[in-house]
1. Students often check this: by mean Cβ neighbours within 10 Å, which of A:62-69, B:14-21 ranks highest, and how do the rest follow?
2. Local charge sum around B:Ser120 (other residues, Cβ-Cβ under 13 Å, Lys/Arg +1, Asp/Glu -1)?
3. Using helices alone, I'd like the mean residue ellipticity at 222 nm for chain A: each DSSP H run of four-plus residues gives -39500 (n - 2.57), total over residue count, nearest 500.
4. Subtracting the Cα-Cα distance from 0.36 nm times the residue separation, let me have the gained length for B:Ser137 to B:Ala177 in nm, one decimal.
5. Hey, got the average number of other protein chain Cβ atoms within 10 angstrom for residues in B:207-220?
6. Pairs A:Lys24/A:Lys49; A:Lys88/A:Lys118; A:Lys125/A:Lys165; A:Lys102/A:Lys124; A:Lys80/B:Lys288; A:Lys24/A:Lys81: which exceed 25 Å Cα-Cα?
7. Under the definition of partner shielding as Cβ atoms of other protein chains within 10 Å of a residue Cβ, what is the mean value for peptide A:46-56?
8. For B:Arg213, project a label point 7 Å along Cα to C-beta. Then give me every residue of segment A:71-92 with its amide nitrogen under 16 Å of that point.
Amino acid sequence: MMDAAEKSFIIRMFHVHHNFGPQKVLIDINLDIAKNEFVFISGPSGAGKTTLLKLLYLVEPVSEGQVLIDGINITRIPRKKMPYLRRKFGVIFQDYKLIATKSVYDNLALVLEAAGAKRRIIQKKVKSILRLVGMEDRLKSFPPSLSGGEQQRIAVARAIIGDPKIILADEPTGSLDDESAEAILDLLEGVHTRGATVIIATHDKALMRKAGGHVLTLKQGRLETSRFLEKQYDDAILQTGDR
Amino acid sequence: MMMRFFKRAIDDIFQNRFLNFVTIITISLAILIASAFILFFVNTNEIINSWKRDLRILAYLKTGTHNADLTNLERTIQSLAGVQTLRFISKQEALDRLKTQMKHQSSLFENLSENPLPDSFEIRMTASTGNWQKIESLAAQIESLELIEEVEYGRRWIGRFARIISLFRLAGYAMGALFFMATVFIVANTIRLVIYSRREEVEIMRLVGATDRFIKMPFYIEGLIQGGLGAFIGLVMLFISFFFISANIEQGVSPGLFRPQFLSPTTIGGILLGSMLVGWLGCYISLKQFLKA
């Protein structure tokens, strides 16, 4: 039986460690993320932000401790069931990870095809999601022909097309200009409004202030602080830097 | 879903044209060599069988065998297992036959003072006596009869030929097994190269929640297509070679005596399926290693 806390938390970590050989990358992480939270994982480079996300979407193993995702203990999940757990996530990578040899349509359709959706539904959903990210005219384009901002918008589209419960974004605005960064943030806020939990790993303080939310700060593999940041509606923040 | 996998497999083949071309040609050459062996065995078997069908045992009688003993001897031979018919050939009939066969060297017979040939029985065997051991055993039984001087059934050269063919067959099996393994290895390596060139794509598929089955199926279909196409090309090459070689054999070497035949539809089907199995197996080995990693 799930208790009330487990029901309201979509991610729970108990004394989680991750070692890379002799190197300790994450040390004794304890955290709870509630459903439909907007969370930032911040910290300097090498603090373990990306590794923390990788533990969640099962790319890196948990060396010690327990991780519950939507009530499922991922440290005990059999390999065969991993794809089904991964479908709870929509992941946005810093380097986009779009398949260069496939068209924008095929890149997006892949998520739905993998989940066994019907062709008619796939066509409909891909078109509507492209409209949402403002790229309906690039259906047949190939990723290398798109700008960085456009590629990231497609990456966001791919992350949200399967209606996942959790969106994980690793430095989603890291290599983008301010305008593109704002567009990506708007998209993520839109997904959040529709009920998804959004977790963003970033060291972009301006982005955090602009969006507001639960900020978890990592330092040398340890969770240092956990605080709530109010959303600031000052456009100047993005322009004054601090990124 | 199968149609989608099939479409992805076809797209992948076109995207990796060179690697797929190399694999298909490798398979087709292996199939060409292996099926050329099969074709050789099929035809040599046919030759041996036709010889066996025509095979007769000639039992030469001792000189001075009386006519009265002939009936008894005929009955004794007829009663032996495996004998279908027997016919008495007198020494005069044998000489006449020899003269007809050697009519261009008729001068050889001019100085003969007496007929040197013995009386004989020409014995034909039942179809069940096709086995070489049975023929030998029957010949030994006839030779052991009191009035029989010698039996002749071409044992030396036909026996030797049959043994050589058996050796060839053994070598063929060994070579077939080697070709099978080598081709599986080559296909596995080519597929590994294809997967390696698309490792990022496979990785992305996994990250977006694709199951192993979803990732593997197009590769398996690709392997089956490679195997099928390879076999088709190999068999077409074999047929073209066969067409030219058999025309030469029929016209030049032994007209009317032996008609070379191509592989039966069942054998062709078997080769196609075997080749597709090779393609699939190559994929299976590569994918197992890759996805484990």
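The values are calculated or read from the model by the stated rules, or taken from the named source; none is laboratory data. None of the values given here were measured: they were computed from a predicted structure. Because the Cβ atoms are built from the backbone with ideal geometry, glycine has one as well, and the counts that use them run over all protein chains shown. Remember, those area values only see protein heavy atoms, side chains included, never the ligands or the DNA or RNA. Shrake-Rupley method; radii C 1.70, N 1.55, O 1.52, S 1.80 Å.
1. Answer by packing, highest mean first, reads A:62-69, B:14-21.
2. -3
3. -10000 deg cm²/dmol
4. Result: 10.9 nm gained on full extension.
5. Neighbouring Cβ atoms belonging to other protein chains average 6 per residue here.
6. Among A:Lys24/A:Lys49; A:Lys88/A:Lys118; A:Lys125/A:Lys165; A:Lys102/A:Lys124; A:Lys80/B:Lys288; A:Lys24/A:Lys81, the Cα-Cα distance tops 25 Å for A:Lys24/A:Lys81.
7. Counting other chains' Cβ atoms within 10 Å and averaging over A:46-56 gives 0.
8. Only A:79-85 fall inside the zone, counting backbone N under 16 Å.
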